[in-house]
Amino acid sequence: MAGLTLRGIHKAFGDTSVLNNIDLDIADGEFLTLVGPSGCGKSTLLRIIAGLESQDRGSVSIGGSSVDHLRPHERRIAMVFQNYALYPHMSVFDNIALPLTMTRLNLFERLPLLRHLSSRRRRVMGEIAREVRAVAEQLRIETFFHRRPGQLSGGQRQRVALGRAMVRHPQAFLMDEPLSNLDAKLRVHMRGELTELHARLGVTMIYVTHDQIEAMTMSDRIAVMDHGDILQLGTPADVYERPATTAVAQFIGSPAINLFPAHVGPSGQVELLGRTLPIHVHNAPTPELTVGVRPEAMRIGGGPCVVTCRFRRRENLGSESILHFDLVASPEVAVLCRVDNNMPIPDGEVTLAFKPRDCHVFDHNGRRIEIESRMAASRGVRRASEVR
Amino acid sequence: MNAIIAEITPLAAAPPASRQRWIERFAGLGFAAPAFILLVLTNLAPLAALAFLSFTNYELGALDFSFVGLKNFGTALQDPVIRRSITNTLLYVAIVVPGGVLISLLVAILIHQRKRTRSLYEVIYFLPVTSTLIAMATMWQFLLHPTLGLINQVLKGLGFAETAFLSEPRLVIPTLAAIGIWQLVGFNMVLFLAGLSAIPRDLYEAVDIDGASHPIDRFLKVTWPMLGPTTMFVTVTTFITAFKIFDTVAVMTRGGPGGASEVLLYAIYLEGFQYFHMSYAATLTLVFLAFTLVFSVLQTFVLDRRVHY
Ligand SMILES: Nc1ncnc2c1ncn2[C@@H]1O[C@H](COP(=O)(O)OP(=O)(O)OP(=O)(O)O)[C@@H](O)[C@H]1O
Ligand SMILES: [Mg+2]
């Protein structure tokens, strides 16, 4: 077990730059998730850490020492691939045992036929079998030891892949979208199992996903990536409550955040669609702003912070509903609102209200600007949250 | 889903069930008929004619023939030419099958790792496949010429004695086998290349992380098992091609020197089309077919159990 450090990682494929100057410190035993849209460089970063791809610049350290010159297996990390990459011609047992036979037997003892000449091999294989069995018991896969991967379900294959990773007691686990090939229900189940596994093993895990729910539910910290940059690094709560850019705000949270065009008034107050909101910003570089409000922070009603919308349709999620609206002022802007199912469904034009402290304000480049609320009540809340 | 089908079927299936079954049966036979008729005309009927002939004493152009039972088979068993032909053919096969499979596998693996020069090498190795063997045999004859041939010039330059590859009884089959391998490698290589491209890259990466970074380990743990179906196919086709050796013998050695390169198919050709012993040639052809059949079945069953699909 060990922490990881990435310094100035840069990678380009031909002319396209895929990773720009990535710096990342991952603590020992931490569960860090890399999230971001497709093609943002998550897998590439993971593969550089694993040693499957070499970086153009920068260095990777594991447990305080640089591993740039080491081959993948010498880095003593384990990787779980998206499609598991189990050896299809080997039994489950052989799949899990392979990392151990590779390191504990010499080349001669691994050769077909010739290996039977070695007496040491028998003893070593006995030890290996014991360790494989111990891992398999943890994952509840010992009942199908002699099956081939092709004869297993997706979730079982997933467990075998985990077993193959665990059996070596690696310094860190790297996982590249390990749950994306599973159906929705199994995914939720495996999410829980992985979290428990992490708690039990206490080993560093780096987990790539583009599913923000996985990122939110499993991680100690999330690194949100886009176009080869880390946009924000923080705890799930941090990233959700204080997104650093509009891209992060849009990516984290489901359904996605509502974004409205706004601008700064003469004395620093935020003006949204002709209404002056009780929020002030001081360090906006230009008057253009974007105001973001999460669908779950909106409700039908009136107040100082409202937008006027026209009802479109309702999405019933069972316990709650997503209401879809268009902005009356500019109908191309969709507005989403998350409500309880017992709410009456509105008709025609309504006003959607939100609290000033639920507003996220971004400058013309999409970067977050801290707001000052003039309302006494919300100031109290803000102070309370600062104390926390 | 089942409920929907149950509702729809009574409406859609207007004809009663038994008529429906008849229609289906005839439609099935109709679709299978063209292939079946072709198979009968081109394969099964000639085979039956062959079997029929082998029990007669028919000679090409003869007006009459009579049944002689198993006499032809008895003659074949005693015939020293046939015995020699079978041994020579088996020796040829024993060299060409492992050589043709392993060399093409090696070439395919080496070429597969090339990036820019890959297609160049593919063309170079595939060229022998596209050329006619008769023309190539003439070229080989020239290359192997004891005094003028390039190969002997090179050997002499290296200080070896002049070797008459095609007129030395002990060397003639290995030499023909080498030419046979040369002809086969390109085709087999293409099959192996296709097999190699189908191996997921993930597996090599997994094996890299698991510690098998030695090329031998990578080969044994991933490449070889994943190529199993390709290897089986290549082995069987190579075997059949090798067993059918004919053109190089016919053009370059005519079975010589002193019968040292007589092979089964060449013997059949001589009996049938030079000596006009049609019934005897038919008998030999059946023997030939029996050999290929037995070997193919054996290979398929032995290899099939070890191959992972
Ligand atoms: N071997 C390669 N050669 C050229 N370009 C590559 C290569 N591998 C990745 N890329 C490019 O690098 C970018 C990042 O790829 P990467 O696989 O890291 O994305 P990702 O974030 O994992 O996406 P996804 O969520 O779809 O898996 C993509 O634009 C991709 O096209
Ligand atoms: Mg990826």
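Here are some notes:
- Residue, nearest to ligand 2 (Cβ to nearest atom), within the stretch A:210-232, restricted to residues that are farther than 26 Å from A:Asp56 by Cα and either open to solvent by 50 Å² or more (accessible area, probe 1.4 Å) or within 14 Å of chain B (Cβ to nearest Cβ) (or both): A:Ile213
- Lone qualifier among A:Leu179, A:Leu162, A:Leu174 - being within 16 Å of ligand 1 (Cβ to nearest atom), open to solvent by less than 20 Å² (accessible area, probe 1.4 Å) and within 14 Å of another protein chain (Cβ to nearest Cβ): A:Leu174
- Residues that are more than 15 Å from ligand 2 (Cβ to nearest atom), of a type in the set (D, E, K, R) and in contact (Cβ under 8 Å) with a residue 60 or more places away in the chain within the stretch A:24-50 comprise A:Asp28, A:Glu30, listed in sequence order.
- Look at the stretch A:313-340: where a residue is part of a loop (DSSP other than H, G, I, E, B) and a partner is modelled with pLDDT under 90 and of a type in the set (S, T, N, Q), sitting 6+ places away or on another chain with Cβ atoms under 9 Å, you get A:Leu317/A:Asn341; A:Gly318/A:Asn341; A:Ser319/A:Asn341.
- Lone qualifier among B:Met252, B:Met232, B:Met226 - being closer than 30 Å to A:Ala97 by Cα and open to solvent by less than 40 Å² (accessible area, probe 1.4 Å): B:Met232
- A single member of A:Asn21, A:Asn83 is open to solvent by 20 Å² or more (accessible area, probe 1.4 Å), within 16 Å of ligand 1 (Cβ to nearest atom) and within 13 Å of another protein chain (Cβ to nearest Cβ), and it is A:Asn83.
- Contacts under 6 angstrom Cβ, first residue in the stretch B:188-214 being more than 9 Å from chain A (Cβ to nearest Cβ), partner open to solvent by 10 Å² or more (accessible area, probe 1.4 Å) and aromatic (Phe, Trp, Tyr), 6 or more apart: B:Met189/B:Tyr125
- Matching entry among B:Val185, B:Val172, B:Val190 (being part of a helix (DSSP H, G or I) and open to solvent by 40 Å² or more (accessible area, probe 1.4 Å)): B:Val190
- Of everything in the stretch A:133-149 that is touching a Phe, Trp or Tyr at 6+ places or on another chain (Cβ under 9 Å) and open to solvent by less than 70 Å² (accessible area, probe 1.4 Å), the residue that is nearest to A:Met90 (Cα to Cα) is A:Pro149.
- Contact map, the stretch A:75-87: residues that are basic (Lys, Arg) paired with residues that are away from ligand 2 (no atom under 14 Å from the Cβ) and in a loop (DSSP other than H, G, I, E, B), Cβ distance under 7 Å, separation 6+ or inter-chain. Pairs shown: A:Arg75/A:Gly51; A:Arg75/A:Val67; A:Arg76/A:Pro170; A:Arg76/A:Gln171.
- Subset of the stretch A:25-57 [within 14 Å of chain B (Cβ to nearest Cβ) and among the acidic types (Asp, Glu)]: A:Glu53
- Positions within the stretch A:273-298 being within 11 Å of A:Phe354 (Cβ to Cβ) and at pLDDT 90 or above, in sequence order: A:Val291, A:Gly292, A:Val293, A:Arg294, A:Pro295, A:Glu296, A:Ala297, A:Met298
- Residues located in the stretch B:51-62, provided they are touching a helix residue (DSSP H, G or I) at 6+ places or on another chain (Cβ under 7 Å) and open to solvent by 40 Å² or more (accessible area, probe 1.4 Å): B:Leu53, B:Asn57, B:Tyr58, B:Glu59, B:Leu60
- Of all residues making up the stretch A:51-75, the number that are within 13 Å of ligand 2 (Cβ to nearest atom) and either of a type outside the set (A, V, I, L, M) or farther than 20 Å from A:Gly14 by Cα (or both): 1
- Residue within the stretch B:130-138 that is exposed (fewer than 15 other Cβ atoms within 10 Å of the Cβ), closer than 18 Å to B:Arg254 by Cβ, among the polar types (S, T, N, Q) and assigned by TED's automatic domain parsing to the domain that holds B:Lys244 present: yes
- From the list A:Gly126, A:Gly64, A:Gly150, the one residue that fits, being small (Gly, Ala, Ser) and under 28 Å from A:His210 (Cα atoms), is A:Gly150.
- Just one residue in the set B:Phe288, B:Phe246, B:Phe276, B:Phe239 is open to solvent by 40 Å² or more (accessible area, probe 1.4 Å) and under 16 Å from the mean Cα position of the chain (by Cα); that residue is B:Phe246.
- Among the candidates B:Phe65, B:Phe126, residue that is surrounded by 12 or more Cβ atoms within 10 Å (Cβ to Cβ) and not assigned by TED's automatic domain parsing to the domain that holds B:Ser279: B:Phe65
Every residue, every condition in (1) under 26 Å from A:Gln156 (Cβ atoms); (2) buried (at least 21 other Cβ atoms within 10 Å of the Cβ); (3) within 15 Å of ligand 1 (Cβ to nearest atom); (4) modelled with pLDDT of 90 or more, yes or no:
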residue	(1), (2), (3), (4)
A:Ile49	no, yes, yes, yes
A:Glu53	no, no, yes, yes
A:Asp56	no, no, yes, yes
A:Met79	yes, yes, yes, yes
A:Tyr87	yes, yes, no, yes
A:Val92	yes, yes, no, yes
A:Ile96	yes, yes, no, yes
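- Residue within the stretch A:107-116 that is within 12 Å of chain B (Cβ to nearest Cβ), under 25 Å from A:Val67 (Cβ atoms) and open to solvent by less than 10 Å² (accessible area, probe 1.4 Å) present: no
- Filtered by the rule that a residue be at pLDDT below 85 and either assigned to a loop (DSSP other than H, G, I, E, B) or in contact with a helix residue (DSSP H, G or I) (Cβ under 9 Å, 6 or more places away or on another chain) (or both), the stretch B:289-309 gives B:Phe295, B:Ser296, B:Gln299, B:Thr300, B:Leu303, B:Asp304, B:Arg306, B:Val307, B:His308, B:Tyr309.
- Applying the criterion of being under 30 Å from B:Pro225 (Cα atoms) and open to solvent by less than 20 Å² (accessible area, probe 1.4 Å) to the residues of the stretch A:58-77, the residue that is nearest to the other protein chains (Cβ to nearest Cβ) is A:Pro72.
- Matching residues, the stretch A:80-136, being assigned to a loop (DSSP other than H, G, I, E, B), of a type in the set (Gly, Ala, Ser) and over 30 Å from the mean Cα position of the chain (by Cα): A:Ser91, A:Ser118
The values are calculated or read from the model by the stated rules, or taken from the named source; none is laboratory data. Note that the coordinates shown come from a computational prediction; the quantities given were computed from them, not determined experimentally. With ideal geometry, Cβ positions are generated from the backbone for all residues, glycine too; neighbour counts draw on all protein chains shown. Please note that ligands, DNA and RNA were not included when accessible areas were found on the heavy atoms of the full protein model with its side chains. Shrake-Rupley method; radii C 1.70, N 1.55, O 1.52, S 1.80 Å.
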